[in-house]
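K.L.:
Structure incoming, see below.
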2 protein chains.
Amino acid sequence: MSPTKARAPKRSTYRHGDLRQALLDAGLELARGGGPDAVVLREATRRAGVVPNAAYRHYASRHELLQAVRSAALAALAVAIENELAGLRRAGNPAARARACLRAVGTGYLRFAQAEPGLLRTAFSVPDDLPGSAVPEKAGSSGLNPFQLLGAALDGLVDAGVLPPERRLGAEYLAWSAVHGFAMLVIDGPLRTLSPPQIRAIGQRLLDMVEKGLT
Amino acid sequence: MSPTKARAPKRSTYRHGDLRQALLDAGLELARGGGPDAVVLREATRRAGVVPNAAYRHYASRHELLQAVRSAALAALAVAIENELAGLRRAGNPAARARACLRAVGTGYLRFAQAEPGLLRTAFSVPDDLPGSAVPEKAGSSGLNPFQLLGAALDGLVDAGVLPPERRLGAEYLAWSAVHGFAMLVIDGPLRTLSPPQIRAIGQRLLDMVEKGLT
DNA sequence: ATCGTTATGTGGATGGCGTACACTTTCGAT
DNA sequence: ATCGAAAGTGTACGCCATCCACATAACGAT
């Protein structure tokens, strides 16, 4: 018979090389497909070609692995936003440019939500226990997290004279809430069944609302 | 010794009476405390004083029970919003009244989010598989679900001449996104650590933004 | 080069979970 | 009184996270 219980994963080297990273990658893949609940420790070790317990040499628990996946997912979101910002054609008018920046942050967020719903859900899933800081630490390639990218865009609006300075404080929360809420309702909420074009259209109107309501 | 394995739950009657409802209640209680993941079938049956498998006479799977809990949680949200609307002092000006209605829907939503975070998270958790309609069916005591209550408030704005009719279509999505997103970020997102007064203040500004951005 | 030390994986076990199948008890219609 | 369906129980399986003891390979001091 073929060995039904191939318990010991076959690997040329006893050492794995970089199991920690391999587990993170596997976890990200799982999260991509099924959100935070799909990040199953045993499955991650399976994919890394290693016995379940090996994971505990690198993460104290499933929650720690999940936390690492969360951070990575958040960083991926930051990268997506940065890409959106990078693809921005620079309009002459500073005010228009500042507005475009804010919109780019929003559309980057929404684009990511549609492209990687599992990762977005994971990034913002509850950390089960950890108190955690008010705002995520992890950063994208530019060293900024999504929240900071949004803040920068808002600063730009103030500099361009579009947003009155007295309305700047806490404005991140307002803009973020609108975009995040829409993303969530679209990903797994009641707006799930809207067609992609509908979603894009409403997304644009949402950004209109934010822009108008904020300034 | 006390019987370590009290397998057969002690009940005077072999029949339970209304196990279906008892399981729903237990599930709601679990969801209240820990969100959708806390709705554990075995624990629900335990609380109902019944063996795990008994649940399958009333729900085909854990997911079906969870779905029932979801509906109940959504109905609870609708009730909370209705209460907020009921407590509204009727201003003379129709326009002001319509605005107050919209605000009441928003504040009811946010109040519920703070009072029952577990239920709100459960109400909007992903239904795992079911396609489901675009908008929840279940209703509060007035027979309307939260989405419909919001729609009614927006209709009122149009009637009062505050909201241009051409902006009415899809306006629910915009308002809902903002409020829902804020609720989510506050419940288990990065805004978790804000103080309740801060939250209330920002919540009001959020509603300002929606009102201004929408009309 | 040798030899511990220690980091890293393995094996085996425990208890919780969802759920399938077969059995038993009770209720209500006949 | 009888019998069939409805509701609960028992047993079992496989999956999960995690604990403990053990094995092995890589590395640094000698």
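The values are calculated or read from the model by the stated rules, or taken from the named source; none is laboratory data. Keep in mind it's a predicted model, so treat the numbers as computed, not measured. Cβ: placed from backbone, ideal geometry, glycine included. Neighbour counts: every protein chain shown. What goes into the accessible areas is simple: the full protein's heavy atoms, side chains included, and nothing from ligands, DNA or RNA. Shrake-Rupley method; radii C 1.70, N 1.55, O 1.52, S 1.80 Å.
K.L.:
Stretch residue A:25-residue A:83 to full length: gain in nm at 0.36 nm per residue minus the Cα-Cα span?
P.N.:
Contour length minus Cα-Cα distance gives 18.7 nm.
K.L.:
In peptide A:120-126, how many Cβ atoms from other protein chains are near each Cβ within 10 Å, on average?
P.N.:
Neighbouring Cβ atoms belonging to other protein chains average 3 per residue here.
K.L.:
Relative contact order of chain A, please, whole-number percent, based on alpha carbon pairs below 8 angstrom and at least 6 residues apart. List each step's numbers first, then the result.
P.N.:
On the way: 237 pairs, mean separation 42.8, N = 215.
Relative contact order here is 20 percent.
K.L.:
For chain A, take the longest principal axis of its alpha carbons; what is the angle in degrees between that and the long axis of helix A:146-159, to the nearest 10 within 0 to 90?
P.N.:
Taking Cα atoms only, the helix is inclined about 10 degrees.
K.L.:
With everything on Cα atoms, drop me the angle between helix A:196-214 and the longest principal axis of chain A, reported from 0 to 90° to the nearest 10.
P.N.:
Its long axis makes an angle of about 50 degrees.
K.L.:
Considering only protein heavy atoms and a probe of 1.4 Å, how much of the accessible area of segment A:88-215 is carbon and sulfur, as a whole percent?
P.N.:
C and S atoms contribute 56 percent here.
K.L.:
If we sort B:190-198, B:108-116 on the protection proxy, mean other Cβ atoms within 10 Å, highest first, what's the order? Mind dumping the intermediate values first?
P.N.:
Details: B:190-198: 14.4, B:108-116: 20.3.
In descending order of packing, they fall as B:108-116, B:190-198.
K.L.:
With the Cα gyration tensor of the protein assembly as shown in hand, convert its eigenvalues to equivalent ellipsoid semi-axes via √(5λ) and list them largest first in whole Å.
P.N.:
39, 33, 17
K.L.:
What are the label-to-label distances in nm, one decimal and shortest first, from residue B:170 to the same spot in the other copies, with labels 7 Å along Cα to Cβ?
P.N.:
Copy-to-copy label distances for residue B:170: 3.0 nm.
K.L.:
Separate question: Given the options A:205, A:70, A:99, state which has the largest fluctuation in a GNM of chain A using a 10 Å cut-off (strictly under) for Cα springs.
P.N.:
A:205
K.L.:
A follow-up question, please. Residue B:114 label points, 7 Å along Cα→Cβ, one per copy: pairwise distances from this copy to the rest in nm, shortest first?
P.N.:
So the label point of residue B:114 gives 3.5 nm to the other copies.
K.L.:
For the Cα atoms of chain A, what angle does the longest principal axis make with the long axis of helix A:94-115, in degrees from 0 to 90, nearest 10?
P.N.:
30 degrees
K.L.:
Taking Cα centroids, how far is segment A:42-97 from segment A:172-215 in Å?
P.N.:
Value for the Cα centre distance between the two parts: 22 Å.
K.L.:
List, shortest first and in nm to one decimal, how far the label point of residue B:208 (7 Å from Cα along Cα→Cβ) is from its counterparts in the other copies.
P.N.:
Its label point is 2.4 nm from the equivalent points in the other copies.
K.L.:
Can I ask one more? First check a/c for chain A, with a ≥ b ≥ c the square roots of the eigenvalues of its C-alpha gyration tensor; if it is under 1.5, answer rounded, and if not, answer prolate when a/b is larger than b/c or oblate otherwise.
P.N.:
Since a/c reaches 1.5 and a/b is larger than b/c, the shape of chain A is classed as prolate.
K.L.:
Springs between alpha-carbon atoms under 10 Å, Gaussian network over chain A: tell me which of A:145, A:83, A:53 tops the mean-square fluctuations.
P.N.:
The residue that fluctuates most here is A:53.
K.L.:
Calculate for chain B the 222 nm mean residue ellipticity that helices alone would give, adding -39,500 (n - 2.57) per DSSP H run of length 4 or more and normalising by residue count, nearest 500 deg cm²/dmol. Walk me through the intermediate numbers first.
P.N.:
Details: 8 runs with 128 residues, N = 215.
For chain B, the value works out to -19500 deg cm²/dmol.
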